[in-house]
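Peer 1: Take a look at this one; I'll ask things after.
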Amino acid sequence: MKIATTTGDFGFFCRTDEERIRELHRAGFRYIDMSLYGFSPTCVYMQDNWKDEVLKLQELADQLGMTFAQAHSQGGNPLSPDPAHVDFLLQATLRSIEICEVLGIKNTVVHNGMANGLSKEEWFVQNKAFYEKLFPTMERCGVNVLCENSTKANMGERYFINSGKDMREFIEFVNHPLIHGCWDTGHANCEGNQYEDILAVGDELYAIHYNDNRCAKDEHIAPFCGRMNHDEIMHALIDVGFKGYFTLECSSTLTCYNQWTGKRRRFEAKDVPLKLSEPQLFMQRHMEAMLYDTAKWILESYDLFEE
C-alpha cells in the first residue's frame, strides 16, 4: 500500500494549501489526501477563477513528485433543517467533485446527514435523495463518492451507518456505480468493531481513514497514541483484498486551544499573557515525520509498503 495523509494535518499551522502540501512533502509523504472540507462562500475554490487555483496545486505537486490520492469533500449536514446550510453544502460538494476531476482524484468522501428521530429506512431514503443530486456531476467528472461510517460517540442515539453491514446495505440501496465506502478506523474503534465490519463492507471498500483514539470518543490521533488494535485492522484489510491507499487522518494529535475534539482547560487569571495556548509548527513537523515513519513501519511489518 502507498501511504497518504490529509492536508488537514497542517490546517491550523499553514494559511494555504500550497504551504500544507510542502509540509507533507517535508515529512516524507508523496501521496496527498486533499481536504476540501471547510469551504466558505468567499474561499478561493468557490470563486470564478477556482480552476486556476487548483491547477497551481497540481503544478506544485508535479514539481515535488507528489500525487493526489483521494479527497474529503465539504463538511456539513445534508439533512439539516436550515435550507441555506444545505444549499451551500450542495454547491460546495459539487465544486469539490469538480476539483477532484482537475487533480485526477478518483475517490472523495462525502458525509451522510443525520437528524433526530429518523428510522433506518427514513435515513436511507433521505440520504439517497441528497446523493442523487450529486450524480450528474459525479458522472461528468468520473469521481466516486464514498460514504463513511461514524459512531454513537458522535451521533448519540441518532441512526447512522456505524457498522460495516449497514454501510454495505446503504451502498446497495443507493445503487449507483460511483457510490462506495470509506472505513474510518477511529470511529469504528469507539464502536468496538473492526475486523468483521471491514469484511462486511467487502469489495465496496474503496478508501480508509486511519486514526486512533482511546475508545471513548472520536479523537483522530496518531497510531499508538490510543487503544486501537492495529493487527486486527491490518488482517481485515488483507483478508478483504483492500487495494486503496493507507490514508491517515490524524490531524488532532496535537490539541489546539479550541479543538473540536475537546477544548483546552481555561486559565481565568486576568491581565496575564498566555504564551503557551497553541501548539507550534515545529511541533507538528516532528509529529508529521513520526506519523509517516509509523505508517511505514505498520505496512512494512505486513510486507505491504509501496513507495
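Peer 1: Taking the options 140, 227, 158, name whichever one is among the basic types (Lys, Arg), open to solvent by 30 Å² or more (accessible area, probe 1.4 Å) and either within 17 Å of the chain's Cα centre (by Cα) or within 30 Å of residue 288 (Cβ to Cβ) (or both).
Peer 2: 227
Peer 1: Here's something else I'd like to know. Taking the range 91-100 as the region of interest, how many residues are under 19 Å from residue 182 (Cα atoms) and of a type in the set (Asp, Glu)?
Peer 2: Of the residues in that region, 0 qualify.
Peer 1: Looking at (1) over 25 Å from residue 249 (Cα atoms); (2) in a helix (DSSP H, G or I); (3) touching a Lys or Arg at 6+ places or on another chain (Cβ under 7 Å), can you tell me which one residue 90 breaks?
Peer 2: Unmet condition: (1).
Peer 1: Let me ask another. Taking the condition under 17 Å from the mean Cα position of the chain (by Cα) and touching a residue at least 60 places away in the same chain (Cβ under 8 Å), does residue 37 pass?
Peer 2: Criteria not met by residue 37.
Peer 1: Of all residues in the range 161-173, count the ones that are touching a residue at least 40 places away in the same chain (Cβ under 8 Å), in a helix (DSSP H, G or I) and open to solvent by less than 60 Å² (accessible area, probe 1.4 Å).
Peer 2: Counting residues in the range 161-173 that are touching a residue at least 40 places away in the same chain (Cβ under 8 Å), in a helix (DSSP H, G or I) and open to solvent by less than 60 Å² (accessible area, probe 1.4 Å) gives 2.
Peer 1: Here's another thing I want to ask about it. Taking only pairs six or more apart or across chains, which ones have beta-carbon atoms under 6 Å, a first residue in the range 197-209 that is under 7 Å from residue 164 (Cβ atoms), and a second residue that is assigned to a strand (DSSP E or B) and of a type outside the set (A, V, I, L, M, F, W, C)?
Peer 2: Taking only residues 6 or more apart or on different chains, the pairs are 201/181.
Peer 1: Scan 153, 129, 115 and give me the residue that is open to solvent by 10 Å² or more (accessible area, probe 1.4 Å), over 23 Å from residue 244 (Cα atoms) and touching a Cys at 6+ places or on another chain (Cβ under 6 Å).
Peer 2: So the residue among 153, 129, 115 that is open to solvent by 10 Å² or more (accessible area, probe 1.4 Å), over 23 Å from residue 244 (Cα atoms) and touching a Cys at 6+ places or on another chain (Cβ under 6 Å) is 153.
Peer 1: Then there is this: Given (1) in contact (Cβ under 8 Å) with a residue 60 or more places away in the chain; (2) within 21 Å of residue 291 (Cβ to Cβ), identify the lone condition not met by residue 96.
Peer 2: (2)
Peer 1: Test residue 75 against the criterion of being surrounded by fewer than 22 Cβ atoms within 10 Å (Cβ to Cβ) and touching a His at 6+ places or on another chain (Cβ under 8 Å), and give yes or no.
Peer 2: It is true that residue 75 is surrounded by fewer than 22 Cβ atoms within 10 Å (Cβ to Cβ) and touching a His at 6+ places or on another chain (Cβ under 8 Å).
Peer 1: Quick one: which of 176, 180 is open to solvent by 10 Å² or more (accessible area, probe 1.4 Å) and assigned to a strand (DSSP E or B)?
Peer 2: Step by step, each of 176, 180 is checked, and only 180 is open to solvent by 10 Å² or more (accessible area, probe 1.4 Å) and assigned to a strand (DSSP E or B).
Peer 1: If you check residue 27 against the conditions, is it more than 28 Å from residue 134 (Cβ to Cβ) and among the aliphatic types (A, V, I, L, M)?
Peer 2: It is true that residue 27 is more than 28 Å from residue 134 (Cβ to Cβ) and among the aliphatic types (A, V, I, L, M).
Peer 1: Kindly indicate the residue of the range 249-307 that is of a type in the set (Ser, Thr, Tyr), surrounded by 15 or more Cβ atoms within 10 Å (Cβ to Cβ) and within 23 Å of residue 153 (Cβ to Cβ) and also nearest to the chain's Cα centre (by Cα) among those meeting that condition.
Peer 2: 251
The values are calculated or read from the model by the stated rules, or taken from the named source; none is laboratory data. Predicted model only: the values in this text are computed from it and were never measured. Every residue, glycine among them, receives a Cβ derived from its backbone with ideal geometry; neighbour counts consider all protein chains shown. Just so you know, the surface numbers come from the protein's heavy atoms only, side chains and all, with ligands and any DNA or RNA stripped out. Shrake-Rupley method; radii C 1.70, N 1.55, O 1.52, S 1.80 Å.
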